[in-house]
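*Asks:* Sharing a structure with you now.
The values are calculated or read from the model by the stated rules, or taken from the named source; none is laboratory data. Note that the coordinates shown come from a computational prediction; the quantities given were computed from them, not determined experimentally. Cβ sites come from the backbone with ideal geometry, for glycine too, and all protein chains shown count toward neighbours. Ligands, DNA and RNA are stripped out before the accessible areas are found, and what is left, the full protein with its side chains, is counted by its heavy atoms. Shrake-Rupley method; radii C 1.70, N 1.55, O 1.52, S 1.80 Å.
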Amino acid sequence: MENSNTLKLEDGARIAVIGGGPAGSFFSNFVLMFADRLGLDIHVDIYEPRDFGVVGPPGCNMCAGIVSESLVQNMATEGINFPTTVVQRGIDSYVLYMDVGTVKIDSSRREKRIGATYRGSGPRDVKEVKWDSLDRYLMNLALEKGAQHIRTRITDVKWDADAETTPLENRRLVLKTQNGKTKTYDFVAVTAGVNTAILKAFQELNIGYQAPQTTKAYIREYYLGDQAIGEFIGPSFHAFLPTMPNIEFGAIVPKGEYVTLALLGEDIDTATVDAFMADPTVKECMPPGFAFDKIACWCGPRINITGSAQPYGDRVVFIGDSGVTRLYKDGMGAAYRAAKAAASNVVFHGIARDDLAKQYGAFCRAMETDNKLGKFMFAVVRQIQRFRFSRRAILRMAMEEQKRPPTAHGGMSMVLWDMFTGSAPYREVFIRTLHPVFWTRLAWNMAVCLVTRAETPAATRTALET
Ligand SMILES: Cc1cc2nc3c(=O)[nH]c(=O)nc-3n(C[C@H](O)[C@H](O)[C@H](O)COP(=O)(O)OP(=O)(O)OC[C@H]3O[C@@H](n4cnc5c(N)ncnc54)[C@H](O)[C@@H]3O)c2cc1C
């Protein structure tokens, strides 16, 4: 120990990682890599009860499974290219559905690509597993680096000495597993997501941690088969901006022979999902007469709406959803960036609360600031959705852009693509909306749609598609 608020990771240190989702696997990977660079010998245990080889919710971390363009690029810089057994489909375009019409936007014009993956081994009713779980793939990368996987759940955490009277260098964290065993660690990374009870135990440790605020989202899988996927869905991300009060956004994404439906908003319940499925724009996207009650799999996971105010404490850090993540989109990309920042902080700067506050704390504050901008932008989208003429203007502007060569600011098409897929920070997207050409075109389209007669949705749709 160097002074009262600094503590370095030492040779032979034992690190526990609670949760083997993306945040846990990325952190394990980076902490072992950075320690190796420093010639530090550390031991990493990943606690993860799930078997990602099991189909349905028990083997799955409940998410739409879109791997953002920035995550694909970041992984590539580490020399990791996702295998085709993990990335189900490359998505190179999106179709935006609104009550006033539909527009297809080809993102390959700007060389933007994202991938669709399964976090587990696929939907509950799957007959033959033809793909690999993303989470299992990421965890295997960490295991190859030397991490150990312990297949059990952590149920409690305590200090091994009185925190009031014992200096930090003389006390460690003791984790208790579901089978009652305990183990002592020099450092703990909590990467357990938000669909877990363990965060409460860390709040009760009085280290200044408060779990993030969350709301209920919804995911459903449908079997379509290769032919129907090719005919109706294609390699496209289908995005919906319905005018329903508690839905911010809906998406239908192709994966193998299935599609995943994801709904984000506030406390989405079954009635909201049913209303969404009955929406004509949703029916338009799927094969005619499709039986929406033939659900292959579903879940109602929680999703962050705010991050933790202090996602670190003495000898502990909270990464990914358990700490601070990106609002609504690119949670896995955010987990990657946070895991790298945390691992670098732990190895190179220290493991006391004040050590973590500097580098990792600054990283989390920057992400929360970006999320505030994201919230503002979603609020603007909500206002736009209130008026039929402004909805038509957005659609018209995106449609017009498809006829022209791509511009530096990307226009409405790329603003929407980045907001839906999380391929760029909200700040970057916001700055692009301040470009004079963007504003001029938006104002022009607003004016045109204000003075021209609103066509019927079907007529508008046809006009926009031809
Ligand atoms: C509806 C919805 C759609 C989404 N779509 C996308 C998307 O398309 N793309 C994207 O990038 N992000 C998406 N996200 C966000 C993404 O799911 C998360 O940001 C991401 O999974 C966070 O990773 P994580 O490792 O922090 O947590 P998780 O993925 O939740 O992993 C936590 C792990 O910890 C384990 N665990 C929990 N408790 C314990 C315990 N007590 N002991 C041991 N292990 C434990 C769990 O089993 C789990 O494996 C979506 C989220 C929702 C809700």
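*Asks:* Gln178 fails exactly one of the following numbered conditions: (1) assigned by TED's automatic domain parsing to the domain that holds Phe290; (2) touching a residue at least 60 places away in the same chain (Cβ under 8 Å); (3) in contact with a Pro (Cβ under 8 Å, 6 or more places away or on another chain). What is the number of that condition?
*Replies:* (1)
*Asks:* Return the residues of the stretch 276-292 that are within 27 Å of the chain's Cα centre (by Cα) and exposed (fewer than 14 other Cβ atoms within 10 Å of the Cβ); say none if nothing qualifies.
*Replies:* Result: Ala278, single match.
*Asks:* Do you know which residues across the stretch 86-107 are open to solvent by 10 Å² or more (accessible area, probe 1.4 Å), under 22 Å from the mean Cα position of the chain (by Cα) and modelled with pLDDT under 90?
*Replies:* Val87, Gln88, Arg89, Gly90, Asp92 - these are the residues of the stretch 86-107 that are open to solvent by 10 Å² or more (accessible area, probe 1.4 Å), under 22 Å from the mean Cα position of the chain (by Cα) and modelled with pLDDT under 90.
*Asks:* Restrict the check to the stretch 313-334 and report whether at least one residue is in a loop (DSSP other than H, G, I, E, B), outside the structural domain of Asp160 (by TED's automatic domain parsing) and basic (Lys, Arg). I'd like the intermediate steps shown before the answer.
*Replies:* Of the stretch 313-334, the ones in a loop (DSSP other than H, G, I, E, B) are 314-315, 319, 323-330.
If we keep only those that are outside the structural domain of Asp160 (by TED's automatic domain parsing) too, we end up with none.
No, because not a single residue in the stretch 313-334 is in a loop (DSSP other than H, G, I, E, B), outside the structural domain of Asp160 (by TED's automatic domain parsing) and basic (Lys, Arg).
*Asks:* Another question, then. So is Ala271 outside the structural domain of Glu204 (by TED's automatic domain parsing), open to solvent by 20 Å² or more (accessible area, probe 1.4 Å) and touching a Pro at 6+ places or on another chain (Cβ under 9 Å) or not? So that I can check it myself, show each step before the final result.
*Replies:* Values: outside the structural domain of Glu204 (by TED's automatic domain parsing): yes; open to solvent by 20 Å² or more (accessible area, probe 1.4 Å): yes; touching a Pro at 6+ places or on another chain (Cβ under 9 Å): no.
Judged against the criteria, Ala271 is not a match.
*Asks:* A further question on this structure: I'd like to verify a number: residues in the stretch 295-354 that are under 26 Å from Gly59 (Cβ atoms), polar (S, T, N, Q) and more than 14 Å from the ligand (Cβ to nearest atom), how many?
*Replies:* 0
*Asks:* Right, something else. For the stretch 268-276, indicate whether the set of residues that are modelled with pLDDT under 95, within 14 Å of the ligand (Cβ to nearest atom), hydroxyl-bearing (Ser, Thr, Tyr) and touching a Leu at 6+ places or on another chain (Cβ under 8 Å) is non-empty.
*Replies:* Within the stretch 268-276, one or more residues are modelled with pLDDT under 95, within 14 Å of the ligand (Cβ to nearest atom), hydroxyl-bearing (Ser, Thr, Tyr) and touching a Leu at 6+ places or on another chain (Cβ under 8 Å).
*Asks:* Something else: Looking at Ala228, Ala239, can you tell me which residue is in contact with a strand residue (DSSP E or B) (Cβ under 7 Å, 6 or more places away or on another chain) and either under 30 Å from Phe387 (Cβ atoms) or not in a strand (DSSP E or B) (or both)?
*Replies:* Values: Ala228 fails: in contact with a strand residue (DSSP E or B) (Cβ under 7 Å, 6 or more places away or on another chain).
Matching residue, one of Ala228, Ala239: Ala239.
*Asks:* Among the numbered criteria (1) modelled with pLDDT of 90 or more; (2) of a type in the set (D, E, K, R); (3) open to solvent by 60 Å² or more (accessible area, probe 1.4 Å), which one does Arg453 miss?
*Replies:* For Arg453, the exception is condition (1).
*Asks:* Within the stretch 147-168, is even one residue in a helix (DSSP H, G or I), more than 14 Å from the ligand (Cβ to nearest atom) and out of contact with any Gly (no Cβ under 6 Å at 6 or more places or on another chain)?
*Replies:* So far as the stretch 147-168 goes, yes, one or more of its residues are in a helix (DSSP H, G or I), more than 14 Å from the ligand (Cβ to nearest atom) and out of contact with any Gly (no Cβ under 6 Å at 6 or more places or on another chain).
*Asks:* If we scan the stretch 43-58, do we find a residue that is within 10 Å of the ligand (Cβ to nearest atom), at negative phi and assigned to a strand (DSSP E or B)?
*Replies:* The answer is yes; a qualifying residue exists.
*Asks:* Inside the stretch 204-223, can you point out the residues that are crowded, with 17+ Cβ neighbours inside 10 Å and small (Gly, Ala, Ser)?
*Replies:* Ala211, Ala217
*Asks:* Conditions first: (1) in contact (Cβ under 8 Å) with a residue 60 or more places away in the chain; (2) surrounded by 21 or more Cβ atoms within 10 Å (Cβ to Cβ). Ser344 passes all but one, so which condition is the exception?
*Replies:* Against the list (1) in contact (Cβ under 8 Å) with a residue 60 or more places away in the chain; (2) surrounded by 21 or more Cβ atoms within 10 Å (Cβ to Cβ), Ser344 comes up short only on (2).
*Asks:* Next question, about the same structure. For the subset of the stretch 1-41 comprising residues that are among the polar types (S, T, N, Q) and more than 13 Å from the ligand (Cβ to nearest atom), which member is modelled with the lowest pLDDT? Step through it out loud before you land on a result.
*Replies:* First, pick out the residues of the stretch 1-41 that are among the polar types (S, T, N, Q): 3-6, 25, 28-29.
With more than 13 Å from the ligand (Cβ to nearest atom) added as a condition, the list becomes 3-6.
On the way: Asn3: 41, Ser4: 49, Asn5: 78, Thr6: 90.
Among those residues, the one meeting the criterion is Asn3.
*Asks:* Working only within the stretch 385-410, note down all residues that are surrounded by fewer than 19 Cβ atoms within 10 Å (Cβ to Cβ) and within 21 Å of Pro425 (Cβ to Cβ).
*Replies:* Pro406, Thr407, Ala408, His409
*Asks:* Among the residues of the stretch 191-200, is any loosely packed, with under 14 Cβ neighbours inside 10 Å and either within 10 Å of the ligand (Cβ to nearest atom) or of a type in the set (Lys, Arg) (or both)? Please lay out each step first, then the result.
*Replies:* Let us first name the residues in the stretch 191-200 that are loosely packed, with under 14 Cβ neighbours inside 10 Å, namely 197, 200.
Among the residues that remain, those that are also either within 10 Å of the ligand (Cβ to nearest atom) or of a type in the set (Lys, Arg) (or both) are: 197, 200.
Looking for residues that are loosely packed, with under 14 Cβ neighbours inside 10 Å and either within 10 Å of the ligand (Cβ to nearest atom) or of a type in the set (Lys, Arg) (or both), one finds at least one in the stretch 191-200, hence yes.
*Asks:* Just one of Arg172, Arg119, Arg136, Arg124 is open to solvent by 60 Å² or more (accessible area, probe 1.4 Å), within 16 Å of the ligand (Cβ to nearest atom) and of a type outside the set (Phe, Trp, Tyr); which is it? Walk me through it before giving the result.
*Replies:* Details: Arg172 fails: within 16 Å of the ligand (Cβ to nearest atom); Arg119 fails: open to solvent by 60 Å² or more (accessible area, probe 1.4 Å); Arg124 fails: within 16 Å of the ligand (Cβ to nearest atom).
Testing whether each residue is open to solvent by 60 Å² or more (accessible area, probe 1.4 Å), within 16 Å of the ligand (Cβ to nearest atom) and of a type outside the set (Phe, Trp, Tyr) leaves just Arg136.
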